[in-house]
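The structure appears right after this line, and notes come after that.
The values are calculated or read from the model by the stated rules, or taken from the named source; none is laboratory data. Note that the structure is a prediction, hence the values are computed from the model and not measured. Cβ: placed from backbone, ideal geometry, glycine included. Neighbour counts: every protein chain shown.
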Amino acid sequence: MLRKFKIQHRLISTFLVVSVIPIIFLGYYAYQIYSESISDKLSKSTYQAVTLVNKNLLAELQNYQYLCGSISTNEFVQANLPKEGAQQEVDENAKEAAMDDIYRTIFPSHVVNVSIVDSNHHLFYELGFETISSQALEKAIQDVDKSAPYDGLTYIKTVRSYDTIVLGRKIHALNDSSVQIGYAFVFISNDLFTKNILSSVDLGTGSKLMIMGRDGSVLSANDKEVALGESYADPELFNLIKEQQAQGSHSFSAQVNHEYQQISYIYNKQVGWYLVSMMPYSYINSETNRITTSITMISLIIVLFCIVIISFMYNSIVKPIKKIIAFSNQISNGEFSNRIQDQHEDEMGVLSRKINSMVDEIEKLMHNQKLDQKRKRELELQMLQSQINPHFLFNTLNTLRWLAIINQVPVLSNGISSLSELLHSTILDQDEEITIGQEIHNLTHYFEIQKIRYADSFHFEFEIDEELLNCRIPKLILQPVAENAIIHGLSDHGKSIEITIKVQQMEQQIHIEISDNGKGFDTSLIHAPHNNKKLSGIGIMNVNERIKLCYGEEYGLFISSAIGQGTRCKIIIPIHE
């Protein structure tokens, strides 16, 4: 049924039906949107919860701040705290009575100790069921000094290892606020924060809610595993909070203790604490697992359905292809008698019929190939016969050379020998490039041949850098230039000329210069049609064109000549061996 439609239409239909990639993409996109939405909502709700907790903490802390303020402004305390460096006797009964007046007004339930220290850091008064060591008291004094002009708030462990948060304040003289006369401290049970306030909010499994001081130390936390009075286990947390605070951000994500967390915080400048919440992404992701499972199941069902459709489409396409492959194997084995039987109207049917036509053509070509091979053998025989002529020519020249030697005609002997060598290099040597040494050798033979004709009308000399002899150049590029020097250099008056051939290296180039002191010529003649073929059809312009084709337009043959001033031809090619 599907074979009535073209493969193109089937593939388009399959693409529309089988949308595995879009399904995966949309599922992932829905998951991301849902995750971001959940994360954003949790972040906002967490920050709102932290804000509410902060308000509750401040409201609870007001009672302790009021107690601390009452102590600081008490008339007895103001009158009897000794000034810095002074000693003063105090009536203990009057002191107790004055403090009782304060406690009758306000004394919150979670106070474990109240201490008053004079400006000399000596304990003036203490009341409570927990004892505070002098070292702990000194730590509280230092925190108040650092926090001024605000109240100090720090973690203190009592002598019996009871966790407290101490609220401290400087006591200034009422008649002169610039004069400090002591310190007032209220030690608050940490249970007030951990059990009554911080634990009252459930931020989720694994979440933490902490109070951190100005220095990043943990004052209180809803998690018993968090160490109090020290920096958090991952010191990078407080640094990240400070960075976000500088940017004005109160919620951010970061990796803390090797786990990604959603962090929200509130900073209270007056009491100097950071209320910090940390919600692990493992909890946030657990909220998205349900929708993820649903999306995954729906996607799998659709994918399975698509696989069934693809399998059906696959069979409608692959079976005809397998027939073609089997037929191809028969053809490769030399069986040309069978043909593909496929009369469907789709592309595979058309392809099958085209292959049948190609096999018919192959049979014809094979028949023609047999005829061509027969003709090729005949041509090879003719080529073998044609090779006899050059060998016959060289044998004849060799015979003539020996006759010249026997008859003691050295000029003729040398000329025939040079001609034989030159023809051998030109006709039999099929290499496109030869070494400079070989080209100079051929040029020497050429000069010897020309001396038979021109006798002593010219002399030649070579100035060659021997390191360049093995460098390769196009064959037969020097003879046409040398021929030009002889033809256009010899004077009509029979004056002898000097021809100099220089081969030298200039940077990464080979410069071959052929110069003469002959009569010179008009350089426009080299473009004349009748002058375009010399020495077996190779002219000066042909030399220039060959060099440019081989190496590029920046290389070639450069000629300078003037009548009566000689000729200078320079060939420039790159160095290569």
Give the residues of region 173-195 that are over 15 Å from residue 81 (Cα atoms), of a type in the set (S, T, N, Q) and in contact (Cβ under 8 Å) with a residue 24 or more places away in the chain, sorted by residue number. 189, 190, 194
Select from region 98-113 the residues that are over 17 Å from residue 191 (Cα atoms) and not aromatic (Phe, Trp, Tyr) and list them in ascending order. 98, 99, 100, 101, 102, 104, 105, 106
Taking first residues from region 456-484 that are over 16 Å from residue 576 (Cα atoms) and second residues anywhere that are assigned to a helix (DSSP H, G or I) and among the small types (Gly, Ala, Ser), the pairs with Cβ under 9 Å that are 6 or more apart or on different chains are 458/485; 458/489; 460/482; 460/485; 464/437; 476/425
If we scan region 140-151, do we find a residue that is within 26 Å of residue 42 (Cα to Cα) and of a type in the set (S, T, N, Q)? no
Only one of (1) at pLDDT below 90; (2) in contact with a Gly (Cβ under 9 Å, 6 or more places away or on another chain); (3) closer than 25 Å to residue 464 by Cα; (4) surrounded by 15 or more Cβ atoms within 10 Å (Cβ to Cβ) does not apply to residue 515, and that is (1)
Does at least one position in region 265-283 carry a residue that is modelled with pLDDT of 85 or more, under 35 Å from the mean Cα position of the chain (by Cα), in a helix (DSSP H, G or I) and of a type outside the set (Lys, Arg)? no
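Would you mind stating whether residue 265 is closer than 30 Å to residue 212 by Cα, in contact (Cβ under 8 Å) with a residue 60 or more places away in the chain, assigned by TED's automatic domain parsing to the domain that holds residue 226 and surrounded by fewer than 17 Cβ atoms within 10 Å (Cβ to Cβ)?
Working: closer than 30 Å to residue 212 by Cα: yes; in contact (Cβ under 8 Å) with a residue 60 or more places away in the chain: yes; assigned by TED's automatic domain parsing to the domain that holds residue 226: yes; surrounded by fewer than 17 Cβ atoms within 10 Å (Cβ to Cβ): no.
Criteria not met by residue 265.
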With criteria (1) surrounded by fewer than 13 Cβ atoms within 10 Å (Cβ to Cβ); (2) more than 26 Å from residue 307 (Cα to Cα); (3) at pLDDT 75 or above, residue 86 comes up short on (3)
With respect to residue 144, is the statement that it is surrounded by fewer than 18 Cβ atoms within 10 Å (Cβ to Cβ), closer than 24 Å to residue 76 by Cα and β-branched (Val, Ile, Thr) true? no
Taking only region 548-570 into account, find how many residues are of a type in the set (Phe, Trp, Tyr) and part of a loop (DSSP other than H, G, I, E, B). 1
Out of 42, 26, 58, sole residue that is hydrophobic (A, V, I, L, M, F, W, C) and farther than 25 Å from residue 285 by Cα: 58
Suppose the filter is touching a Leu at 6+ places or on another chain (Cβ under 7 Å), at pLDDT 85 or above, surrounded by 14 or more Cβ atoms within 10 Å (Cβ to Cβ) and among the β-branched types (Val, Ile, Thr); does residue 226 pass it? no
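Quick grid of which residues meet (1) within 30 Å of residue 4 (Cβ to Cβ); (2) among the acidic types (Asp, Glu); (3) assigned to a helix (DSSP H, G or I); (4) modelled with pLDDT of 80 or more:
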position: 336; (1), (2), (3), (4): no, no, no, no
position: 356; (1), (2), (3), (4): yes, no, yes, yes
position: 366; (1), (2), (3), (4): no, no, yes, yes
position: 370; (1), (2), (3), (4): no, no, yes, yes
position: 376; (1), (2), (3), (4): no, no, yes, no
